[in-house]
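All remarks here apply to the structure that follows.
The values are calculated or read from the model by the stated rules, or taken from the named source; none is laboratory data. Everything numeric in this text was worked out from a predicted model, so none of it was measured. Positions of Cβ are generated from backbone atoms using ideal geometry, with glycine treated the same way; all protein chains shown enter the neighbour counts. What goes into the accessible areas is simple: the full protein's heavy atoms, side chains included, and nothing from ligands, DNA or RNA. Shrake-Rupley method; radii C 1.70, N 1.55, O 1.52, S 1.80 Å.
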Amino acid sequence: MLSIIYGVLFYLATFLLVFGLAMKIWLYAKTPAPLKIPTMPAPLTKTGVGFRLFREVAFFESLFKSNKWIWLFGYIFHVALLLVLLRHFRYFQTDVWWWIKIIQPFGIYAGFAMLLALGALFLRRIILQRIRYISSPSDYLMLLLLLGIAGSGLAIKFVSNTDIIAVKSFMLGLLRFQIGDLPTHPALLVHLGLVIILMIIFPISKLLHGVGVFFSPTRNQPDDSRNKRHLAAWAKELEEDEKNG
Amino acid sequence: MVELDIKHKRGSEPLDPLAIPKIACGAMADLKPYPAHAQHNTDLGFPAELIDNWKEVAIAKIGELAKKNRAFKVYLDICVKCGACTDKCHYFLGTGDPKNMPVARQDLLRSVYRRYFTFAGKYFPWLVGAKDLTKEILDEWYTYFHQCSQCRRCSVFCPYGIDTAEISMAAREVLNSVGMGQKYCNEIIAKAEKIGNNLGLNPKALRATLEDLEEDLEDETGQKVRLPLDEKGADILLITPSADFFAEPHIDGLLGYAKVFHQAGASWTISSYASEAANFGMFIGSYENMRELSLRIRKAALDLGVKRIIFGECGHAWRVAYSFLNTLAGPFDFLDQNYPIPQHIIEYTHDLIQKGELKFDKSKNDEFRVTFHDSCNVARGSGMGGIKGGQFTLPREVLKACCNHYFDMDRDTIKESTLCCAGGGGLLTDELMDLRIKGASPRMKALRQVSNENGVTHMAAICAICKTQFSKIMPKYDYEMDDVLSVHQLVSNAIILDEPEQNDTKNEDSVEK
Ligand code: SF4
Ligand code: SF4
Ligand code: SF4
C-alpha cells in the first residue's frame, strides 16, 4: 500500500515539476521586455551575455561581489546539492556511468557540506536582524525542508541502513511504469516524502530562481541599444494604432 | 597650503561610507511627497484623484504589468530573500528604515502580487507573507516608492539582477492609474509635454537667456562663441537638461559645450521645441509619457534637418537616450549613421581630445582638486564610447585632460557601485529634503575620505539632478554649495580657443554696445 502511495506521488510530483516548470518558462519567455535594461557595464554581444550568465550560474558572480558570507554558504550548498544529485543517479541506472561511480564518495562529503551550509544559512536568517526582517515563514520552512532531506539522507547512510538494492529496484521500476516494493524504512520514507514535496513546490515557489535568472533582463540583455532597435510586440501595436489614427 | 587645511578639517576619524546602520523601524514612515494637482494627473492621462474602485483598478494594473513587462513578473517571482541587497541602498544606509532595504521595498508590492496572482499567496497567504490590498498599503507604497531614486545599485549586487527600480517604476504607474500621482514628477512632465522643457521656459525666454549667455561668453573669451537656437540646417542638435539654461553649476557646463563646439568649428543648434533632455516619464514608469517626450526630440531633429543628436550632461536623460530612445522614437535612419545615435557630449569632447583637436591650459583648474561622481543612471543604465565601461573611463579621461589634480573615491563607491546623489528618480523636491540629506550621507562620507586623504576640494558630475542635489545638500556636510562642478565647466575653464582669423566683425559689435 505504502509503495503504491509513494509511487503515485512520485509520478504526480514529476508531472507537476516538469509541467509547472515548462509553463513558467513558457510564460517568462513570452512576456516581453519592453525596454533595454541591462545592468551596466554589460557585454556588448550575445556571446558576452552567454559568458555573463555562465559566470552568474557557475560562480554566483554578483553574489560574490555583494556578500562573501552568503556567497560562501550559498555556493557550498549549491555545489554540494549538485554532487549529491549526481550521486543519486545510480538509483536510476542499471549500468551506472563510470563518472557517477567516481563521485560516489564525494557525494557523501557533499551531503555533510550541504547540512553545514544550510545550517549556517538558517542561523543567519534567524540571527541577523536585516535578514530576519525580510523573511516569511516559507523562507524558514524551505531551509528546514532541505535540511530534512539532507539529514534523512545521511541518516539512511550512517544511522540505520535501509535495503538500498530494494530502493534501487523500486526506482528502476518506476522508470518502466511498474510500482514495485519500497522498503518501509522510516528515514527513507521521510527522505522520499520531503523530496516529493520539494518537487511539487519547485515551480510555484522562490525555487524558481533556478530558471528565472536566465530570464532576468538586467542580466540577459546585451548592451547594443544604439545599434539595434528593440521593440516589444505591444509597443509595436501601439505605434501602428497611432499611425492608422 | 590649502590642501593641508582640508586634510585636518575633520581630523582622522575613521569613515566608512558603507557602514550598515541599526534597523530603525518606521524611521521614514512619515515622509511623503506632495500629491499631484488634479490637472496635472489628467494632463498625463491619469484619473484626477483617488478613484472609488481603486482596489480593482490597482490589481488589474498589476496583472497588466506582469503581462507587459518581463522584468516585473520575473523579479516578483524569483527573489529568494537571500538578503544580499539589504545593505546596498543609500537610503537604507542613510536612514536605517528597513523598508528602504531593496528587498523590503519590493516586498511592499510583492506581498500584494502574491495574494492575487500566485497559488501560494491565494491559498496560503500567511506562509508567504501575502497581503490583501488596502488603502494603508497603497499609502505605504506612495511613501516608500517615493523613497527610491531608481538608481539600480541593488541590481548590481543581486544574484539574479533583481532591479528594484523596475518595481518602483511599476508601483508608481499603479499609483498613477488610481489617481495617486506625485506633484513634482507629474507637474514637470505636463510642462515638458506642453512647452518643451521641465521649467516651462517658452522659446522667447529661452532665446533671451541664450543671448545673455552669448554676451557673457564674448566678454570672457573675446570671441563670438555662439549658443544657436532653432537654426535649421545645423549639423548637430544639442539636447540638454533645461537646468543648463539657468542653474549653477549647470550653466558653466553649457558654456563648456559651446566652447567645444566653437573650437571644433561645428555647426550646431538647440531646439526650443525639444529644449529638455530630462525625461521624467521614466520616473513614473510610464512608457507612453516617456515616449511622448522622446518623440519631441525626433520631431525637432526632423524639423531642423540635423544630421546628429548630442545630449548634454544629464544622468537619467542619458539612460533614456542611450538605452531607450531608439526603442521609443526610432528608427533614426534620417540621421548620419557614421556617428552614434544619440551621442553624449562627453563622447564628443573625448573624441576631439583623442584627435588632438582640443588644447587645454590645465593650470586654469589648479584651484580644484577634483573627484568624479559617477551618476548612477549613467553608470548602471548606459554606456559611452561603444566600449564596455566607457561611461567610467571617458569622463575621467576628459577630466584628466583638463585638470592636474584628479583623484577617485573609494572603489566600492564609484563606477558600477556608485552611490546615488539621493536626489534622483523624481525626489528632487523640497518636501523630501530630510530623505535627500540622509540618503546622500554615504556619498558624502566617501567624498570626505578623499578630501582627508588626497585633499580633494571639488566633485564633478555629469547629471543635472546630481548637481542641483549636491549644491543643496553639500553645505550640510561641511562643503560649500559650489563644491560640485560640471565636467564641462572644467573643460570650459581650461580650453584654449584659437584666435579668430578676422577680428573686424567683433569690433563692430563692441561699437554697437
Ligand atoms: S539580493 Fe536579490 S534575491 Fe537576494 S533578497 Fe535582494 S532582491 Fe532578493
Ligand atoms: S534602486 Fe537605488 S534607491 Fe531604489 S532600492 Fe535600489 S538602491 Fe535603493
Ligand atoms: S541624480 Fe544623479 S546620482 Fe542621482 S539618480 Fe540621477 S543620475 Fe543618479
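With K and R counted +1 and D and E -1, the other residues having a Cβ less than 14 Å from that of B:K67 yield a net charge of +1.
Compute the signed sum of charges (Lys and Arg +1, Asp and Glu -1) over the other residues within less than 14 Å, Cβ to Cβ, of B:L44. Residues close to B:L44 contribute a combined charge of -2. Residues of segment B:370-416 that bury at least 50 Å² of accessible area when the other protein chains are present, relative to the chain alone (probe 1.4 Å, heavy atoms, ligands and nucleic acids excluded): B:K388. Run the accessible area of the protein assembly as shown with a 1.4 Å probe and give the carbon-and-sulfur part as a rounded percent. Of the solvent-accessible surface of the protein assembly as shown, carbon and sulfur hold 60 percent. With every protein chain in place and a 1.4 angstrom probe, the accessible-area ranking of A:I100, B:I188, largest first, reads B:I188, A:I100. Axis angle, to the nearest 10 degrees, between helix B:345-354 and the longest C-alpha principal axis of chain B: 50 degrees.
When the chymotrypsin sites (Phe, Trp or Tyr not before Pro) in segment B:247-355 are filtered for DSSP coil states and for at most 13 other beta-carbon atoms within 10 Å of their beta-carbon, the remaining sites are B:F334. Note on chain B: helix-only mean residue ellipticity at 222 nm, from DSSP H runs of 4+ residues weighted -39500 (n - 2.57) and normalised by residue number, equals -14500 deg cm²/dmol. Annotation: cysteines of chain B without a disulfide-compatible partner (Cβ-Cβ under 4.7 angstrom) are B:C25, B:C79, B:C82, B:C89, B:C148, B:C158, B:C185, B:C314, B:C402, B:C403.
Per-residue ellipticity at 222 nm, computed for chain A from helices alone with -39500 (n - 2.57) per DSSP H run of at least four residues, works out to -23000 deg cm²/dmol. Using a 1.4 angstrom probe and counting only protein chains, how large is the accessible area of A:I126 in Å², to 10? It works out to around 70 Å². Give the angle, between 0 and 90 degrees and rounded to the nearest 10, that separates the Cα long axis of helix B:464-473 from the longest principal axis of the Cα atoms of chain B. Its long axis makes an angle of about 80 degrees. Between B and A, buried accessible area from a 1.4 angstrom probe totals roughly 5600 Å², ignoring ligands, DNA and RNA. Can you bin segment B:38-181 into rounded, prolate or oblate? Criterion: square roots of the alpha carbon gyration tensor eigenvalues sorted a ≥ b ≥ c, rounded for a/c under 1.5, prolate for a/b above b/c, oblate for the rest. Here segment B:38-181 falls in the oblate category. Going from the isolated chain to the complete set of protein chains, segment B:146-168 loses at least 40 Å² of heavy-atom accessible area (1.4 Å probe) at B:R152, B:V156, B:F157, B:P159, B:Y160.
Placing +1 on each Lys and Arg Cβ and -1 on each Asp and Glu Cβ, with no other charges, gives chain B a dipole about its Cα centre of roughly 2580 debye.
Only one residue of B:A234, A:L207, B:L133 has its Cα farthest out toward the positive end of the dipole of the protein assembly as shown, where Lys and Arg carry +1 and Asp and Glu -1 on Cβ, and that residue is A:L207.
With R₀ fixed at 60 Å, the C-beta to C-beta distance from A:E240 to B:L127 puts the FRET efficiency at about 0.85. Taking a ≥ b ≥ c as the square roots of the eigenvalues of the Cα gyration tensor, the protein assembly as shown is classed as prolate, since a/c reaches at least 1.5 and a/b is larger than b/c. Shown here for segment B:311-390: trypsin sites (Lys or Arg not before Pro) in loop regions (DSSP other than H, G, I, E, B) with at most 12 other Cβ atoms within 10 Å, namely B:K355.
Across the alpha-carbon set of segment B:190-265, the Rg to Rh ratio works out to 0.96, Rh being the Kirkwood radius.
Averaging the Cα positions of each part gives two centres, and for segment B:326-359 and segment B:384-411 these lie 18 Å apart.
For chain B, the longest principal axis of the Cα atoms and the long axis of helix B:203-221 meet at an angle of about 50 degrees. Positive contributions from Lys and Arg (+1) and negative ones from Asp and Glu (-1), summed over other residues with Cβ under 12 Å from the Cβ of A:K101, come out at +1.
Sparse packing (at most 15 other Cβ atoms within 10 Å of the Cβ) combined with a DSSP loop state is found for the following GluC sites (Glu not before Pro) in segment B:287-372: B:E357, B:E367. The dipole here belongs to the protein assembly as shown: it is taken about the Cα centre, uses +1 on the Cβ of Lys and Arg and -1 on the Cβ of Asp and Glu, and is about 4280 debye.
Ligands, DNA and RNA are left out, and with a 1.4 angstrom probe the accessible area of the protein assembly as shown is 41 Å² per residue. Springs between Cα atoms under 10 Å define the GNM used for chain A, and in it the highest mean-square fluctuation of A:M199, A:M142, A:M40 occurs at A:M40. Of the residues A:P38, A:P137, A:P183, the one that moves most in a GNM of chain A with alpha-carbon contacts below 10 Å is A:P137. Its relative contact order, with pairs defined as Cα atoms under 8 Å and 6+ residues apart, puts chain A at 37 percent. For the residue pairs B:K135/B:K476; B:K73/B:K445; B:K22/B:K81; A:K65/B:K355; A:K68/A:K206; A:K65/B:K472, the alpha carbons lie more than 26 Å apart in B:K135/B:K476; B:K73/B:K445; A:K65/B:K355; A:K65/B:K472.
Rounded to the nearest 20, the size of the Cβ-charge dipole of segment A:145-245 about its Cα centre is 360 debye, with Lys and Arg at +1 and Asp and Glu at -1.
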